[in-house]
Amino acid sequence: MTFDQLKEKAHALPLKPGVYLMQDRQNRVIYVGKAKALKNRVSQYFQDSAGHSEKTRAMVAQIDHFDVIIAQSEFEALVLECALIKRHQPHYNILLKDGKGYPYIRLSAKEYPRFSLVNKAAEDGGRYFGPYGSRGSSQDIIDAVLEALRLPTCRKKFPRDIGRERPCLNYHMGKCDGYCRPDMDHSRYQEAMAQAVRLLEGKHDEVVSELTAQMEEAAQALRFERAAQLRDRIRAIELLGKRQKVVAGSLADTDVVGYYRGAAKSCFVVLHYVSGELAAKDWELIQTPVEQEDAEAVSALVAQFYGGRTRFPRQILLPCDLEDEPALARMLTEAGRRKVELVTPKRGAKAELIRLAEENAREEVERATTREERRSKLLEALGRLLGLPEPPRRIEAYDISNTGSSDIVASMTVFVDGKPLKRDYRRFKVEGLDRADDYASMYQVLTRRFRRYLEGDEKFDQRPDLLLIDGGAGQTRCAVEAMAALGLSVPAFGMVKDGRHRTRALMSPQGEELGIQHNPALFSLIGQIQEETHRFAIEYHRQLQTGHMRASALDGIPGVGERRKAQLLRHFKSVKSIKGASPEELGQVLPKNAAQAVYDHFHPNEDQRGGPAPTGEDAAGKE
């Protein structure tokens, strides 16, 4: 279908709730969305693209046709949307793409049973615990239980490998009781494994009581080494069962959701509280959804995270208000067959829990994302936003600074891979203008810069991938025209500010404004480039003004040019000190004749001997 046909079809949709499926030419579903009113929501995709995010523009460019499914209510649309996203895994939806399901811990049915992670329970004689939230948290549980009870974590097979070789390093470090030794009784292994099962069942107090009795019995029998081993095991189990108590009583059965948006990756975290204690943490990294607001992303992630579960907390704390919160709460309530309350705390202890979850999410993103990857993803996002064929590796930015018609200057800053490359900074003094004219100044500066590029000047021999101009469409058009006059074409966009002089958006030469505030990392980068370019221009302008003030009193002195002016200022630091210097002191810097000329310039009423010049009769008497 053509764009106009898609637009016509969208306007013909009913004002009813439902789900829409965007599809490409290969009939692949590339996006699934829900709407309170299908006509209003779907038709927005086929309006003026200026207000669209970069991802929406990319998606719309691939739409060949779309289908809709009418629902009876917004709630039904939400449930259907979740099901269709899980089924089709659309490229442009925010996805928790871990199709492994929710893992179980399996205890094998062997003489020497071992724990393992599996994707689902089966009728195979083994014992299953779960399901748990993620494979990472499930493995952490296994590791903690094995360490607390000093059970083997090696790859040895029992009883096959008993006595074959010396115990491994874990035994000598006190992390394993050494069940591979021939003198270890099989009943000791069974006893420890039974305690592990009870720990997984949450019976920490029962296991501690049992071990305490054994420790006291060993101490009374003067088996102090065994008593010490049991004491250490009790401490490990108490540490395993001790959780971070934050709001006892009010968090009887609560999940706390956190979300952090990074430049390349984002993280969704759920902290699980049981009886007021932090019991577990689930988290998942996703590619940063550049077009969605945080609330929209959190809504989609919450729906997917809880969509495949059968057990739900009584309360879920959310980091932001969700537009579809009532429908989402109803979906979870019906799936769990008990009321699930969604709460967005604004202050107090529960708000602190949200901040804790968000901090956890931020830490996961920082660990998983290298600095280079963040910059690379950020430049990819910038390239997509501006419609560039490749991410802009080298960016040059320009700004004009002036005070009326005097000292009109321009700065050129360079950012390579998102970092300032100060050795490539350049500055220009605009010439030949009798009044301040930012358009003419920008045209002249870009002409001079790229003419020197064409001439092979080593200071200007790098061709940029993108030009950013401090100003609007007018200044940007001047830059484009200057390059076109030289037969060159480099993408150029203006950096426009809001009423508070903060970077607001990028603007094309045609006046199309491209918002960047939806991507905090990109917003920060453009703001940094604009501020650095402005700073460099202002700094040069101030240097020129200061130089004029210092040199004005030295102008017109015979034998004193720019180089000697600089020598004087460098030695005496100020014009006032030069004026107060004697011919001998000036002679330490300049040749004798030039030094005398400087002295005479500041002392016109004195003769060469330093006294007052003769006047009137005195002068006549000397003849």
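Using 0.36 nm per residue and subtracting the Cα-Cα separation, the extra length available between Glu458 and Glu341 on full extension is 35.5 nm. For the chain, what does the helix formula give at 222 nm: sum of -39500 (n - 2.57) over DSSP H segments with n ≥ 4, over the residue count, nearest 500 deg cm²/dmol? It comes out at -13500 deg cm²/dmol, rounded to the nearest 500.
On a 0 to 90° scale, report how tilted helix 74-88 is relative to the longest principal axis of the chain, with both axes built from alpha carbons and the result rounded to the nearest 10. Taking Cα atoms only, the helix is inclined about 90 degrees. Distance between the modelled labels on Glu216 and Glu481, one decimal in nanometres: 9.5 nm (7 Å Cα→Cβ projection). As a fraction of the 1.4 Å probe accessible area of segment 460-520, surface on carbon and sulfur atoms comes out at 45 percent.
Under a model in which nothing but the beta-carbon of Lys, Arg (+1) and Asp, Glu (-1) is charged, segment 145-222 shows a dipole of about 640 debye around its Cα centre.
For the residue pairs Lys110/Lys156; Lys422/Lys459; Lys16/Lys339; Lys36/Lys265; Lys34/Lys86, alpha carbon separations beyond 19 Å are given by Lys16/Lys339; Lys36/Lys265. At a Förster radius of 41 Å, what calculated FRET efficiency corresponds to the Cβ-Cβ distance of Ala194 and Glu366, to the nearest 0.05? Calculated value: 0.50. Each part reduced to its alpha carbon centroid, segment 459-475 and segment 144-223 end up 69 Å apart. Between the helical axis of 349-368 and the longest alpha-carbon principal axis of the chain there is an angle of about 80 degrees. The smallest convex shape that holds all Cα atoms of segment 345-408, its convex hull, gives 219 Å³ per residue. Against the main long axis of the alpha-carbon atoms of the chain, helix 473-485 sits at an angle near 70°.
Summarising the overall dimensions of segment 375-422 from its C-alpha atoms, the Rg and Dmax are 14.5, 43 angstrom. Ignoring ligands, DNA and RNA, what accessible area per residue does the chain give at 1.4 Å, in Å²? Counting only protein heavy atoms, the per-residue value for the chain is 52 Å².
You can think of it this way: the chain between Asp321 and Asn27 has 102.3 nm of extra reach, that is 0.36 nm per residue less the Cα-Cα gap.
Evaluate E = 1/(1 + (r/R0)^6) for Arg181 and Ala122, where r is the Cβ-Cβ distance and R0 equals 30 Å; express this FRET efficiency to the nearest 0.05. Write down the numbers at each step before the final one.
Values: r = 34 Å, r/R0 = 1.12.
Plugging the Cβ-Cβ distance into 1/(1 + (r/R0)^6) gives 0.35.
Taking a straight Cα-Cα cut-off under 25 Å and skipping sequence neighbours fewer than 8 places away in the same chain, the lysines within cross-link reach of Lys346 are Lys245, Lys281.
Hey, what did the chain get for relative contact order, percent, Cα under 8 Å, at least 6 apart? Intermediate results must be reported in sequence, preceding the final value.
Working: 981 pairs, mean separation 48.9, N = 623.
For the chain, the relative contact order is 8 percent.
Going toward the positive end of the dipole of the chain, with +1 on Lys and Arg Cβ and -1 on Asp and Glu Cβ, which of Leu525, Val490, Tyr439 do you reach last? The residue sitting most towards the positive pole is Leu525.
Summarising the label geometry, the points placed 7 Å from Cα in the beta-carbon direction at Ser108 and Asp64 lie 5.0 nm from one another. For segment 317-465, the square roots a ≥ b ≥ c of the C-alpha gyration tensor eigenvalues yield an a/c of 1.5 or more together with a/b exceeding b/c, which makes the shape prolate.
Computed from the C-beta positions of Asp417 and Lys36, the FRET efficiency with R₀ = 41 Å rounds to 0.40. Taking all protein chains in place and a 1.4 Å probe, what share, in percent, of the accessible surface of segment 299-366 do carbon and sulfur account for? Carbon-and-sulfur percentage of accessible area, whole number: 45. Between the amide H of Ala492 and those of Leu467, distances stay under 5 Å, these residues lying 5 or more places away or on another chain, with hydrogens modeled in the peptide plane.
Placing unit charges on C-beta atoms (Lys and Arg positive, Asp and Glu negative, everything else neutral), compute the dipole magnitude of the chain about its Cα centre in debye, rounded to 20. Mind showing how you got there, number by number?
Details: 95 positive and 89 negative charges, 320 e Å.
Once rounded to the nearest 20, the dipole reads 1540 debye.
Listed values for segment 531-538 are Karplus-derived 3J(HN,Hα) couplings in whole Hz (6.51 cos²θ - 1.76 cosθ + 1.60, θ = phi - 60°), namely 5, 5, 5, 5, 4, 5, 5, 4, and x replaces Gly and Pro.
The values are calculated or read from the model by the stated rules, or taken from the named source; none is laboratory data. In this text, all values refer to a predicted model and were calculated from it rather than measured experimentally. Every residue, glycine among them, receives a Cβ derived from its backbone with ideal geometry; neighbour counts consider all protein chains shown. SASA here: full protein model, heavy atoms, side chains in, ligands and nucleic acids out. Shrake-Rupley method; radii C 1.70, N 1.55, O 1.52, S 1.80 Å.
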